[in-house]
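Heads up, the thing below is written out as structure tokens.
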Amino acid sequence: QLTLVESGGGSVQAGDSLRLACVASGRDFGFYTMGWFRQAPGKEREFVANINRSGHDRRYSDSVLNRFTISRDNEYKTVGLQMNRLKPEDTAVYFCAASQYAPSTEASDFDYWGQGTQVTVSS
């Protein structure tokens, strides 16, 4: 079992950057696929990015491709999300998640979730 805690959210201007971090506690962190999802008010939770166990394979939603970068450090049990050139439509609560399965874009495939961190981007 994993416990995930996100940090790094905040309020920024369009075009700024933020880096989110997710720290995991528990065993076998390297066994899990990791992902970031986000949920804006009144909308469903949506996929942002995922990274496989080794960190060599990454996938992004079209809306963040070439702006966001996901990374992981299995030694320190952390997952990061570097967000550049932020837009107002990136405003959401961002969640870190862990899956026992192969990398997926579906929230239902993820077993453990953090509490979320708010990102607000103003124009």
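The values are calculated or read from the model by the stated rules, or taken from the named source; none is laboratory data. All figures in this text were calculated on a predicted structure; none of them were measured in a lab. Counting neighbours? That spans all protein chains shown, and the Cβs are built from the backbone with ideal geometry, glycine included. Heads up: the accessible areas ignore ligands, DNA and RNA and are worked out on the full protein's heavy atoms, side chains in. Shrake-Rupley method; radii C 1.70, N 1.55, O 1.52, S 1.80 Å.
Under the 0.36 nm per residue contour assumption, what length would be gained going from the current alpha-carbon distance of Ser123 and Gln1 to full extension?
Working it through step by step, the gained length comes to 39.9 nm.
Using the basic label-point model (7 angstrom from Cα toward the beta carbon), what is the Ser54 to Arg85 distance in nanometres?
Inter-label distance under the simple model: 3.0 nm.
Could you rank Val64, Val23, Val93 by how accessible they are, 1.4 Å probe, largest area first?
Result of the area sort, largest leading: Val23, Val93, Val64.
So how exposed is Arg45, as accessible area in Å² (1.4 Å probe, rounded to 10)?
90 Å²
Got the relative contact order for the chain handy, in percent, Cα pairs under 8 Å and 6 or more residues apart?
36 percent
Heavy atoms of the protein only, probe of 1.4 Å, neighbouring chains included. What is the accessible area of Glu89 in Å², nearest 10?
We get 120 Å² for Glu89.
In whole Hz and in residue order, list the ³J(HN,Hα) couplings for the stretch 46-58 that follow from phi through the Karplus curve 6.51 cos²θ - 1.76 cosθ + 1.60, θ = phi - 60°; x for Gly and Pro.
Values per residue, Gly and Pro as x: 10, 5, 10, 7, 9, 9, 7, 4, 7, x, 7, 10, 9 Hz.
What do you get for Rg/Rh over the chain if you use C-alpha atoms and the Kirkwood form of Rh?
0.94
In whole Hz, with x marking every Gly and Pro, tabulate ³J(HN,Hα) for the stretch 7-17 from phi via Karplus 6.51 cos²θ - 1.76 cosθ + 1.60, θ = phi - 60°.
7, x, x, x, 10, 9, 8, 4, x, 6, 10
At a 1.4 Å probe radius, carbon and sulfur cover how many percent of the accessible area of the chain?
Ligands and nucleic acids excluded, carbon and sulfur give 45 percent.
When all protein chains stay in place, what accessible area (Å², nearest 10, 1.4 Å probe) is found for Ser54?
70 Å²
Going from most exposed to least, what order do Tyr76, Tyr32, Tyr101 have by accessible area with a 1.4 Å probe?
Tyr76, Tyr101, Tyr32
Leaving out ligands and nucleic acids, note down the accessible area per residue over the stretch 46-123 with a 1.4 angstrom probe, in whole Å².
50 Å²
Keeping all protein chains in place and using 1.4 angstrom, which order do Asp57, Asp90, Asp16 fall into by accessible surface area, from largest down?
Asp57, Asp16, Asp90
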